[in-house]
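> Below you will find the structure I want to go over with you.
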Amino acid sequence: MLTGSLLRALPLAALILLPGRATTQEIVPVTLSLEEAIEIARSNNPTFQAIRNNEALADWDVKAAYGSLLPSASTNFSLSWQGAGEQTFGSLTAEELGFADQPSFMFSRYGLNLNYSINGSTLLAPGQAKISRVATRADVAFGSSELISQVTQNYIEVLRQTEQVRVSEQQRERARFNLRLAEAQLQVGTATAVDVAQAAVALGRAEVTILQTTNALETARIRLLQRMGVDLYSPFVPTTPFVLSEPPWSRDQLVSLGLQASPTLQAARALQSVSSYGVKMAKSAYLPTLSLSAGLNGFTRQASSTALNIQQAETQAQGSIQNCLFTNDLFTRLSDPLPAQDCSAFTFTDDDAQQIRDNNRSFPFDFTGQPASASLTISLPLFQGLDRQRQVTMAQVQLEDLDYEYQEAELALRADIAVTLATVRAAYQAALIEDQNQIVADEQLRLARERFRVGLAGFLELLEAETLKVEADREQIAAIFAYHDSLANLEAVVGTSLRIQ
């Protein structure tokens with residue numbers, strides 16, 4: 001595991017290198033754990049938010065599929081106007097038919113319609129929408145897994161560069177000590193001016209290294225904040241310890257876990273389910289369709305003037321009176337006369353004229369209902385070329401292709417677990433070796449410094465020991481974080497956290 005000095009130095013080094021610019025919103029806690037970074041990224045990363053938005057659309061697809069099982073209803077209302085003037089009815093005019101001086105008219109109409117249609121595709125639509133929603137959620141889970149892996153890698157990079165800065169600072173402190181030691185040895189005559197110059201150059205190079213590692217740390221911090229989707233100048237200190245421990249898992253254990261937890265396999269299984277249901281949808285084209293419709297309609301018609309209607313009614317009344325008088329005259333001529341009719345009953349009165357005027361006041365809502373209508377249709381497709389069978393075959397082929405892709409994904413999972421687990425184990429052993437190398441380099445530097453102080457060694461020997469020390473420190477850091485990189489890759493393959501806290 002990381003040594004105690006490394007863990008204690010991480011927060012201190014990060015606080016020293018925090019930029020002075022403060023955020024406008026306190027979104028990122030100053031002490032930031034890996035779990036907090038992942039949760040913030042899940043809530044703010046734009047790419048992941050775009051993926052997660054698809055889940056809401058999938059929910060509405062399910063609701064819409066169930067809605068397609070319900071009848072549809074519509075209503076309409078219209079207003080129209082027809083101006084006064086001569087109209088034609090076929091080859092005749094209104095005047096020739098006895099309807100001269102036609103007034104203008106206002107019309108209104110309403111309609112209420114109910115339609116219902118159901119077939120195999122409609123019946124299967126809710127099930128297809130549900131399975132598609134499962135596939136969408138699998139895509140969201142895959143996107144979440146990708147985001148977790150990316151945030152983890154960025155977090156590790158911040159820790160790696162923090163350690164590099166710490167080592168650079170230690171290198172600078174040792175270079176300063178060596179410079180003072182060379183100057184002191186020059187005073188007593190056991191060192192030369194060349195030794196002092198070399199010590200000064202080593203100190204300058206250490207300063208350059210600090211600039212480079214500090215810049216790399218700031219870049220790593222910005223990349224992590226970018227991945228989290230927050231202010232790029234938010235100050236934070238990474239607090240999650242990354243333990244260096246021997247991998248306790250067997251390959252079979254990880255394969256069993258990966259087969260259940262791998263987001264890649266989950267997404268592939270969801271696509272298989274969608275494709276399998278697609279075969280059923282394609283076969284539903286052979287099923288009949290049931291259609292039901294019903295409607296209610298009404299209209300109004302109001303003339304701009306009732307004079308023509310009243311005139312026609314008066315003419316009709318006079319004609320009725322004349323017919324009545326003629327009939328009574330016939331009755332009197334019979335050998336056995338019949339009683340005469342009361343012809344005054346056909347007289348057109350002012351009340352009749354007023355009734356015509358009242359009946360004309362129907363626009364726009366005094367509707368006259370038309371007969372209701374309803375229809376039921378059952379249609380069975382008999383032959384539509386070979387397109388239906390082509391659609392079924394295409395759906396079946398797509399399902400088979402997905403089965404092969406799933407097999408390939410499972411093989412890739414097993415291979416990736418085997419390779420990555422071997423890499424983790426090798427990285428762990430390399431880290432242990434580099435830890436021992438670092439201890440040896442420490443001792444070698446101590447001995448070289450004592451030999452230089454007592455005049456038994458030249459400055460070049462001390463400088464070489466210092467160089468070996470810096471290389472050992474950096475190789476130790478590289479080995480430790482190579483282990484964590486490979487472990488993060490293994491977690492991404494398996495689809496779950498494997499870290500020992």
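The values are calculated or read from the model by the stated rules, or taken from the named source; none is laboratory data. Here the structure is a predicted model, which is why all the values come from computation and not from measurement. Cβ coordinates were reconstructed from backbone atoms using ideal geometry, including for glycine residues, and neighbour counts include every protein chain displayed.
> Limited to the stretch 448-500, what total is found for residues that are surrounded by fewer than 22 Cβ atoms within 10 Å (Cβ to Cβ), more than 23 Å from residue 166 (Cα to Cα) and more than 33 Å from the chain's Cα centre (by Cα)?
10
> Continuing with this model, one more query. Confirm whether residue 181 is in a helix (DSSP H, G or I), in the same structural domain as residue 405 (by TED's automatic domain parsing), surrounded by 13 or more Cβ atoms within 10 Å (Cβ to Cβ) and modelled with pLDDT under 90.
Yes, satisfied.
> Working only within the stretch 159-211, note down all residues that are among the hydroxyl-bearing types (Ser, Thr, Tyr) and closer than 28 Å to residue 237 by Cβ. Full working, then the answer.
At the first step, the residues of the stretch 159-211 found to be among the hydroxyl-bearing types (Ser, Thr, Tyr) are 162, 168, 190, 192, 209.
Scanning the stretch 159-211 gives 162, 168, 209.
> May I ask you to say which residue of 347, 306, 327, 332 is among the β-branched types (Val, Ile, Thr), out of contact with any Ser or Thr (no Cβ under 8 Å at 6 or more places or on another chain) and crowded, with 16+ Cβ neighbours inside 10 Å?
306
Matching residues to (1) out of contact with any Leu (no Cβ under 9 Å at 6 or more places or on another chain); (2) at pLDDT below 85; (3) over 24 Å from residue 285 (Cβ atoms):
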| site | (1), (2), (3) |
| --- | --- |
| 74 | no, no, yes |
| 88 | yes, yes, yes |
| 101 | no, yes, yes |
| 108 | no, no, yes |
| 119 | no, no, no |
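> Going by the conditions given, is residue 278 within 28 Å of residue 367 (Cβ to Cβ), within 59 Å of the chain's Cα centre (by Cα) and not polar (S, T, N, Q)?
no
> Restricting the search to the stretch 307-326, which residues are more than 13 Å from residue 352 (Cα to Cα) and at pLDDT below 80?
The answer is 308, and nothing else.
> Pull up the stretch 118-161, narrow it to residues that are aliphatic (A, V, I, L, M) and under 30 Å from residue 381 (Cα atoms), then point me to the one that is surrounded by the fewest Cβ atoms within 10 Å (Cβ to Cβ). Lay out the reasoning, then the answer.
Here is the first cut: in the stretch 118-161, the residues aliphatic (A, V, I, L, M) are 118, 123-125, 129, 131, 134-135, 138, 140-141, 147-148, 151, 156, 158-159.
Among the residues that remain, those that are also under 30 Å from residue 381 (Cα atoms) are: 118, 123-125, 129, 131.
Details: 118: 17, 123: 13, 124: 18, 125: 21, 129: 20, 131: 20.
Only one residue tops the list, namely 123.
> In the set 110, 155, which member is touching a strand residue (DSSP E or B) at 6+ places or on another chain (Cβ under 8 Å) and not assigned by TED's automatic domain parsing to the domain that holds residue 265?
On inspection, the qualifying residue turns out to be 110.
> Another one. Determine the pairs where a residue that is of a type outside the set (S, T, N, Q), located within the stretch 443-468, has a partner that is not in a helix (DSSP H, G or I) with Cβ atoms under 6 Å apart, the partner being 6 or more residues away or on another chain.
Short answer, once both residue conditions are applied: 451/457; 455/190.
> Same structure, new question: Between 2, 57, 6, 32, which is modelled with pLDDT of 50 or more and closer than 28 Å to residue 431 by Cα?
32
> Quick one: is residue 364 more than 24 Å from residue 320 (Cα to Cα), at pLDDT 80 or above, assigned by TED's automatic domain parsing to the domain that holds residue 302 and in a loop (DSSP other than H, G, I, E, B)?
Considered against the rule, which asks whether it is more than 24 Å from residue 320 (Cα to Cα), at pLDDT 80 or above, assigned by TED's automatic domain parsing to the domain that holds residue 302 and in a loop (DSSP other than H, G, I, E, B), residue 364 comes out as no.
> In the stretch 350-400, which residues are surrounded by 11 or more Cβ atoms within 10 Å (Cβ to Cβ), aliphatic (A, V, I, L, M) and free of Cβ contacts under 8 Å to residues at least 24 places away in the same chain?
Across the stretch 350-400, the qualifying residue is only 397.
> Output the number of residues of the stretch 197-235 satisfying the condition of being among the polar types (S, T, N, Q) and touching a Phe, Trp or Tyr at 6+ places or on another chain (Cβ under 8 Å).
Final tally of qualifying residues: 1.
> Name the one entry in 468, 445, 463, 490 that is within 30 Å of residue 262 (Cα to Cα) and in a helix (DSSP H, G or I).
490
> Right, here's the next one. Return the residue satisfying two criteria in turn: it lies in the stretch 225-272 and is over 19 Å from residue 38 (Cβ atoms) and basic (Lys, Arg), and of such residues it is surrounded by the most Cβ atoms within 10 Å (Cβ to Cβ).
Here the residue is 269.
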